[in-house]
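Notes for the one structure printed next.
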Amino acid sequence: MHMSQIQGNIRMKGNVNMKRDTLLIGDLMSTYAEVNGKIKGNLDVVGKAELRSDAVVFGDISASTITVEDGAIIQGYVSTTFLNKEESRNLFPEAIVIGES
């Protein structure tokens, strides 16, 4: 069995595909990430982050979109595409009025 172990931050403009036997101690920044290994650090993805069933992430995840397969483990905060105040205002009303006709 071949296992890749990396200590240090990884910053890539392209795609990252972490196989099951990969261990990263450090942050990962990329355009797209498919993770099926272990990360102890933050995951910062410009596009889509896909966490496969054997993925383990101990750290915060920030991505435009995220998919998480059954079995993946996340310990940390997850945030997807940041909306500005105007976009948020359009999503949710400031108050909900009940019983007004």
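Where a number appears in this text, it was derived from the coordinates with a stated rule and is not lab data. For clarity, every value in this text was computed on a predicted model and none was experimentally measured. Cβ: placed from backbone, ideal geometry, glycine included. Neighbour counts: every protein chain shown.
Can you give me the relative contact order of region 4-91 as a percent, contacts being Cα pairs under 8 Å and 6 or more apart? Can you show the working numbers first?
Working: 234 pairs, mean separation 16.9, N = 88.
With pairs under 8 Å counted, the relative contact order is 19 percent.
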Query raised in the report: Ordered by packing density, taken as the mean number of other Cβ atoms within 10 Å over each peptide's residues, highest first, how do 11-18, 52-59 rank?
Result: 52-59, 11-18
Report task. Count the lysine pairs in the chain whose Cα atoms sit under 27 Å apart, keeping only pairs 8 or more residues apart in sequence or on different chains. Result -> 9
Query raised in the report: Length gain on complete extension for the stretch T65 to N17, per 0.36 nm per residue less the alpha carbon to alpha carbon distance?
Result: 15.7 nm
Query raised in the report: What number, rounded to the nearest 500 deg cm²/dmol, is the helix-based mean residue ellipticity at 222 nm of the chain, given -39500 (n - 2.57) per DSSP H run of at least four residues and division by all its residues?
Result: -1500 deg cm²/dmol
Report summary line: Options (1) 8.7; (2) 6.9; (3) 5.6 are given for mean projected area of the Cα convex hull in nm², and the computed one is (1)
Requested in this report: Using per-residue counts of other Cβ atoms within 10 Å, averaged over each peptide, order 34-41, 71-78 from highest down.
Outcome: 34-41, 71-78
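I need the calculated FRET efficiency for the pair N9 and T80, taking r as the beta carbon distance and R₀ as 22 Å, to the nearest 0.05. The partial results should precede the final answer.
On the way: r = 22 Å, r/R0 = 0.99.
With R0 = 22 Å, the Cβ-Cβ based efficiency is 0.50.
Express in nm, to one decimal, how much length is gained between I25 and I96 on full extension, taking 0.36 nm for each residue of separation and deducting their alpha carbon distance.
Working: separation 71, 0.36 × 71 = 25.56 nm, distance 4.52 nm.
Gain on extension, I25 to I96, equals 21.0 nm.
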